[in-house]
Amino acid sequence: MKKTTLLLILCLLDVTLLAQMANPPAPYGPVPTPAQVEWQKMEMNMFCHFGPNTFTGLEWGEGTEPEDIFNPTALDCNQWVAVAKKAGFQGIILTAENHDGFCLWPNPMSTHTVRASAWRKGKGDVLKELSKACKKGGLKFGIYISPWDRNAPTYGTPEYNKVFLGTLRSAHKHYGPIFEQWFDGANGEGPNGKRQVYDWEKYNAQTLKLQPNAVIFSDVGPGCRWVGNEEGTCGRTCWSRLDVEGREPGNNAPSQDTLNAGNYNGVCWIPAETDVSIRPGWFWRDSEHPKSVQELLKIYYNSVGRNSLLLLNVPPDTRGLIPAEDSLRLMEFRAALDSIFEHDLAKKAIKLCVSNFRGIGLYKSYRECYNNSALSSFSPIKYDASWLIENDYNTYWATDDTVTTAWVRLEFKKPQTFNRVMLQEYIPLGQRVEKFHIEVEDENGNWRTIASETTIGYKRIVLTETVTTKKVRIVIDQSRACIVLNRVGLFMDTIMN
Ligand code: FUL
């Protein structure tokens, strides 16, 4: 055998070997816990605001409403679950207790509960019904409890912390597993109102002791953070990192802008959750109606599409059912999402090329492109571009440790028309990308930039003009460590333009 042939064979063998031997990228900065990763993957959950306000039309109940006010005529949590599942939600969070202090379960720490109401002769328990229905339907169950309690006689005294811990214990002991505990930061007592020094440390510690997989929501986490507004808009730049040293939910929380964008150098992994209502109010009111599909799509792009989780409130009515018009709207919303995201044009690429992939070092020129065709003799190599069009979240394209600027090019046999570009980072290893742009090639072979953005995170959906092209290039201009991307998708939205 000629020396050159032997060398060539060795080279070919080596290149695969080198890539296979390459170590995975080291984590960068703060990283999510496994529970936070699972939480983020849920993408869309349903919020249910339900309680005395459903019957009085108030947004903030006073805490003095007679218990008998709460009297749903046909409560059926299986219906909530059926609607949620068909709409594509992965979990439901219920307002077990809003600011009026009324508890939807027979909380032994309070007299202001379903036990004292006429509903089902005081034997009803919404938490029990919904947690059971979720289990049966395969949805996750979460609980909202407001620390600001306008009914509790002890509110404003140190004694209240004990009462609140008892309330949490009662909910967490009997209705788990709970995937998220939602702590509201609101307090409308006004300048002369009662002041409560909350023992957040104890609330969080006890919650995690009883529900170790619960992601705790508040203005400052520790599991996930408020996005800073109730309009359904996460920042175009959105870091899942936040600085919380010396901060607390409520008045001492970071500014709403900070919550919206996160902190570039934030020490903790606390991703944003976007809570917004399908209707103008949080609670059901006869006079109000659900948002349009266009509005819901916009919310979806501004939340899920910007590295946030969407918690969409769909309030049950006085019967204890999700009204037909809301459920119908959700089905239309689902159909719209399916029509857009079912057809990923990126999967049609015949070639996926990258400027670098991890582990091939000197052999860089050996294989820049992955041929995505059944006849191809190429099989995927660890960290090469082929993983970008795979659905498995645990496989990804990664660059060498020193490479923080790189591109990926998708080539098609026939021109493709799209206006949505989806990118995902592999967040178990941290959030890295801070600047990227998207280019398309025109008929004359010239590249044109169609979008320039900043962060990606778990999921980023970039809205572009509608383009038709045979070549697309995603250029990562700046990454804080080597690039770890696990998905590129191209979609056409004909509904929201
Ligand atoms: C706010 C509360 O005041 C509302 O009642 C609602 O629960 C919303 C989700 O959060 O802070």
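The values are calculated or read from the model by the stated rules, or taken from the named source; none is laboratory data. Not measured: the values here are computed from a predicted model. FYI the Cβ positions are ideal-geometry reconstructions off the backbone, even for glycines, and counts take in every protein chain you see.
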Quiz item: Can you tell me which residue in segment 265-292 is surrounded by the fewest Cβ atoms within 10 Å (Cβ to Cβ), limited to those that are part of a loop (DSSP other than H, G, I, E, B) and of a type in the set (A, V, I, L, M)?
Solution: Val267
Exercise. Tell me, please, whether a residue that is modelled with pLDDT of 95 or more, in a loop (DSSP other than H, G, I, E, B), touching an Asp or Glu at 6+ places or on another chain (Cβ under 7 Å) and under 25 Å from Val304 (Cα atoms) can be found in segment 423-444.
Key: yes
Quiz item: Out of the residues in segment 280-310 that are closer than 16 Å to Gly235 by Cα and within 16 Å of the ligand (Cβ to nearest atom), which is nearest to the chain's Cα centre (by Cα)?
Solution: Leu309
Quiz item: Restricting the search to segment 197-223, which residues are farther than 21 Å from Leu310 by Cβ and within 15 Å of the ligand (Cβ to nearest atom)?
Solution: Tyr198
Self-check item: Residue check, Asp149 closer than 17 Å to Asn252 by Cβ and surrounded by 15 or more Cβ atoms within 10 Å (Cβ to Cβ)
Solution: no
Quiz item: Does segment 465-491 hold any residues that are surrounded by 17 or more Cβ atoms within 10 Å (Cβ to Cβ), out of contact with any Ser or Thr (no Cβ under 6 Å at 6 or more places or on another chain) and part of a loop (DSSP other than H, G, I, E, B), and which are they?
Solution: Ala481
Quiz item: In segment 311-322, what residues are within 15 Å of the ligand (Cβ to nearest atom) and in contact with a helix residue (DSSP H, G or I) (Cβ under 8 Å, 6 or more places away or on another chain)?
Solution: Leu312, Val314, Pro315, Pro316
Quiz item: What do you reckon, is Ala133 hydrophobic (A, V, I, L, M, F, W, C) and more than 32 Å from the chain's Cα centre (by Cα)?
Solution: no
Exercise. Give segment 384-434 a look and list any residue that's free of Cβ contacts under 8 Å to residues at least 60 places away in the same chain, over 12 Å from Ala346 (Cβ atoms) and buried (at least 21 other Cβ atoms within 10 Å of the Cβ), or say none.
Key: Val433
Quiz item: Which of the following residues is farther than 22 Å from Trp105 by Cβ, within 16 Å of the ligand (Cβ to nearest atom) and of a type in the set (S, T, N, Q): Asn187, Asn192?
Solution: Asn187
